[in-house]
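**Q** Submitted below is the structure of interest, expressed as structure tokens.
The values are calculated or read from the model by the stated rules, or taken from the named source; none is laboratory data. Computed from a prediction, not measured in an experiment: that's the story for all the values here. We place every Cβ from the backbone using ideal geometry, glycine too, and count neighbours over all the protein chains shown. Side chains included, ligands, DNA and RNA excluded: accessible areas come from the protein's heavy atoms. Shrake-Rupley method; radii C 1.70, N 1.55, O 1.52, S 1.80 Å.
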Amino acid sequence: MAEREIPWWRSGVVLQVYPRSFADSDGDGIGDLPGVTGRLDHLEDLGVDAVWLSPFYRSPMADFGYDVSDHTDVDPIFGELADADALIEAAHARGLRVIFDWVPNHTSDRHAWFLASRSSRDDPQRDWYVWRDPGPGGAPPNNWTSAFSLHGEASSWTLDEHTGQSYLHSFLPEQPDLNWDEPAVVGAMHATLRFWLDRGVDGFRIDVAHAIGKDPELGDNEPGRRHDQDWPTVHTRLRAIRGVLDGYEGDRMAVGEVYLLDQGALAPYVSVGDELHLAHNFVFLNLPWSATGFRATVDEFERLAGPDAWPAWCLGNHDHPRIASRYGPGPARVAAMLLLTLRGTPFLFQGDELGLTDVEIPPDRVVDVDGRDPERSPIPWEPPSRAGPGAGFTTGEPWLPITPDAERVAASVQAGDPESMLTLHRKLLSLRRATPALTEGSYRGLEAGEDIYAYERGGEVIVALNFAPEPRAVGASGEGTLLLSTRPVAREGMEVDLATLVLEADEGVIVAVSRVRCP
Ligand code: NOJ
């Protein structure tokens, strides 16, 4: 019997593109869809298999696109519908898959659905959103709080004077929550999936996927039990969404942003195999830099998720400080090796392949409501000395400042440097592609020395990562050929014995095992 081909979302690597900050084709200072299409060479040269695009739909941009006012059109800032089609076509022509961001928990308050819903208590779409009478003295209906905490804790409810009721918003008041207990909402949102699936998209990243199941009684959140997310109904809803995707040919995929900081709660989203294909793991993303911490978390997820679940690993996205700022430039190279060699699908955030750090934003240029501008600074493609102050991102004034390091870290500069972060990523991706043990092989954590996280993949490859800023002995058993090191001074091709090998500060190595010694 012919073996079933491994689906692309298991063997592949995904690059997240934040369109506002990727490439600007028309000089308005804001990245757009033609800009992404024009830079697909970068993705191909990097060696990724798929691109996830953050939202580019029509939006008033209160949350930079995560407040959608029309799910089936492109915001003029980013282009037009034909540009989305052209991007899908151009990516497919290069063998790249395309994932769009789908925002099911809420819409913009300017969405036609919400405008109708808020117009009167009797409107047929009233129940498409969550409306309740306020408590005594106009108090919120319950104790739920909204997510953006920069300005202190705020209620998830806003009183709408017009009809005298409050509506629920897990994020900004401009992002009212849809009522997934209302069947018409389910139908309408499934239709938005089909709209893009029909146009050829390969899958979706589902924004706050765990939030589309809430306690219909709106019970107060309690210590240890939230009622505003991860309610059992979420699983039925995700199964139905999976059903929509499975109705299409070609391995369409759903990866959920399941922001639950407990792997025991996360695992059920992927362990049975009929809900999400993948779930981003924020326990992993939020770990401090420690060999024991990473090992314990990976081992725990492998155990909890079971043999059928497929892990997804990411250490950055547009909501979190950058890897190189959190962990430092040396560890960032080790983190890249970790992400690209664990068992599971790696997700990289644009610019992490360049080792970009957070960019300081002067107070008068702050635009995000939740302090996330520093990681959203535009990509420096070219050194400013060659391309001007827009660094190849734009010919205009960039919407956020570009890194002051652009001269040194620009993509074109790094492409020609054998020791750059970009070159390391290209090497890691090409080795991964050429080594089935790294994509499909089993995972086994190994006993190793202090500050070393070592694991074996598929019985053929050992990865040993030094988390310390000083040399450390690997202290694991096994011999083989060193295929790749994260350190600029490479020792590639050397025969090594992992029992005696000493890694330099912030060094990770991949070794093709010739012999595993019995302890
Ligand atoms: C998660 C997204 O990643 C974030 O950028 C957004 O603000 C919230 N969800 C609300 O949609």
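**Q** Could you go through the range 246-252 in sequence order and give the Karplus-derived ³J(HN,Hα) for each residue, using 6.51 cos²θ - 1.76 cosθ + 1.60 with θ = phi - 60°, rounded to whole Hz, and x for Gly and Pro?
**A** 5, x, 10, 6, x, 6, 6
**Q** How big is the chain in terms of Cα radius of gyration and Dmax, in angstroms?
**A** For the chain, the Cα-based Rg and Dmax read 23.5, 76 Å.
**Q** Quick check on the range 443-515: take the gyration tensor over C-alpha atoms, sort the square-rooted eigenvalues as a ≥ b ≥ c, and tell me if it's rounded (a/c under 1.5), prolate or oblate.
**A** oblate
**Q** Please list, by residue number, everything in the range 184-223 whose backbone N is under 18 Å from a paramagnetic label point 7 Å out along Cα→Cβ of Asn143.
**A** Backbone N within reach: 215-223.
**Q** Obtain the nm distance between the two label points defined at Arg433 and Ser120 by a simple spin-label model: each point lies 7 Å from its Cα along the Cα-to-C-beta direction.
**A** 6.0
**Q** Now for a different question. Contact order normalised by length for the range 443-515, with contacts defined as Cα pairs under 8 Å and 6 or more residues apart; what percent is it? Mind showing how you got there, number by number?
**A** Details: 196 pairs, mean separation 24.8, N = 73.
For the range 443-515, the relative contact order is 34 percent.
**Q** 5 Å is the cut-off here: which amide hydrogens, built 1.01 Å from N in the peptide plane, fall below it relative to Asp160, excluding neighbours closer than 5 in sequence?
**A** Gln165, Ser166, Tyr167
**Q** Now for a separate question. For Cα pairs less than 8 Å apart in space and 6+ apart in sequence, what is the mean separation divided by the residue count of the chain, i.e. the relative contact order in percent?
**A** On the way: 1128 pairs, mean separation 63.5, N = 519.
It rounds to 12 percent for the chain.
**Q** Sticking with this one: Quick one, what does Rg over Rh come out to for the range 361-519 if you take C-alpha atoms and the Kirkwood Rh?
**A** Result for the range 361-519 is an Rg/Rh of 1.11.
**Q** Take every DSSP beta bridge with both residues inside the chain and express the antiparallel ones as a percent of the total, to the nearest 5. Don't jump to the answer; show the numbers that get you there.
**A** On the way: 38 of 64 bridges.
Counting only bridges with both partners in the chain, antiparallel ones make up about 60 percent.
**Q** Report the full-extension gain for the segment Asp127 to Asp198: residue separation times 0.36 nm, less the Cα-Cα distance, to one decimal in nm. Walk me through the intermediate numbers first.
**A** Details: separation 71, 0.36 × 71 = 25.56 nm, distance 2.83 nm.
Extra length from Asp127 to Asp198 when fully extended: 22.7 nm.
**Q** Ignoring ligands, DNA and RNA, what accessible area per residue does the chain give at 1.4 Å, in Å²?
**A** Per residue, the chain has 38 Å² of solvent-accessible surface.
**Q** Then there's this: Counting only protein heavy atoms and using a 1.4 Å probe, what share of the accessible area of the chain belongs to carbon plus sulfur, as a whole percent?
**A** 51
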